[in-house]
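A.B. asks: There's a structure below that I have some questions on.
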Amino acid sequence: MNLNDACLGLSHYFSPKIIGEVNDHYIKVAKIKGQEVPWHNHENEDELFYIIDGQLLMEMENQLEFTMEKGDLFVVKKGINHRVSSKAECLIMLIEPKTTEHTGKVKSAISKSIEEQIY
């Protein structure tokens, strides 16, 4: 599978799509643009972010914010309140346990169920 090709089918921002599975984890791709992701956390799950293309601003509560570039990988540890945004279109890959809710317990206009994330 080519990650860039997997992203071609993404039609909406902030709407992850499941492209594969590894044991009890989903592999997802998403397009990010703007600042619509609410502050949230995942109580019991770590979340891996990999930047396929573009730049992603990673913010974690009570910690320094930083910009991730193409090729960067970062793991947000469980329980850490975080949000992401991007000024221009950014393509990301996420690897997270199948139990991970899109925006944690926080529900917003962009929150997607697992069913909505199936590619």
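A.B. asks: Might you let me know whether segment 18-32 holds any residue that is under 19 Å from Ser108 (Cα atoms), in a strand (DSSP E or B) and touching a Pro at 6+ places or on another chain (Cβ under 6 Å)? Show your work before the answer.
C.D. replies: Taking segment 18-32 first, the residues under 19 Å from Ser108 (Cα atoms) are 30-32.
After this cut, where a residue has to be in a strand (DSSP E or B) as well, the list is 30-32.
Filter once more, so that each one left must be touching a Pro at 6+ places or on another chain (Cβ under 6 Å): 30.
Yes, segment 18-32 contains at least one residue that is under 19 Å from Ser108 (Cα atoms), in a strand (DSSP E or B) and touching a Pro at 6+ places or on another chain (Cβ under 6 Å).
A.B. asks: A further question on this structure: What strands (runs of 3 or more DSSP E), lying completely within segment 66-108, carry at least 1 residues that are among the hydroxyl-bearing types (Ser, Thr, Tyr)? So that I can check it myself, show each step before the final result.
C.D. replies: Values: elements: 66-68, 73-76, 82-97.
Per the criteria, 66-68, 82-97.
A.B. asks: Yes or no: His102 in contact (Cβ under 8 Å) with a residue 60 or more places away in the chain and farther than 13 Å from Lys28 by Cα? It would help to see each step written out before you state the result.
C.D. replies: Working: in contact (Cβ under 8 Å) with a residue 60 or more places away in the chain: yes; farther than 13 Å from Lys28 by Cα: no.
Considered against the rule, which asks whether it is in contact (Cβ under 8 Å) with a residue 60 or more places away in the chain and farther than 13 Å from Lys28 by Cα, His102 comes out as no.
A.B. asks: Hey, does segment 32-54 have a residue that's out of contact with any Phe, Trp or Tyr (no Cβ under 9 Å at 6 or more places or on another chain), over 21 Å from Asn2 (Cβ atoms), of a type in the set (A, V, I, L, M, F, W, C) and at pLDDT below 95?
C.D. replies: No: segment 32-54 contains no residue that is out of contact with any Phe, Trp or Tyr (no Cβ under 9 Å at 6 or more places or on another chain), over 21 Å from Asn2 (Cβ atoms), of a type in the set (A, V, I, L, M, F, W, C) and at pLDDT below 95.
A.B. asks: Does segment 11-30 hold any residues that are under 15 Å from Ile95 (Cα atoms) and either without any contact (Cβ under 8 Å) to a residue 12 or more places away in the chain or among the charged types (D, E, K, R) (or both), and which are they?
C.D. replies: Lys17, Glu21, Asn23, Asp24, Lys28
A.B. asks: Please list, ordered by first then second residue, the pairs with beta carbon atoms under 7 Å, 6 or more apart or interchain, first in segment 34-50 and in contact (Cβ under 8 Å) with a residue 12 or more places away in the chain, second in a loop (DSSP other than H, G, I, E, B) and of a type in the set (Lys, Arg).
C.D. replies: His42/Lys78; Glu43/Lys78; Asn44/Lys78; Glu45/Lys78; Asp46/Lys77; Asp46/Lys78
The values are calculated or read from the model by the stated rules, or taken from the named source; none is laboratory data. Here the structure is a predicted model, which is why all the values come from computation and not from measurement. Note that we place each Cβ from the backbone using ideal geometry, even for glycine, and neighbour counts take in every protein chain shown.
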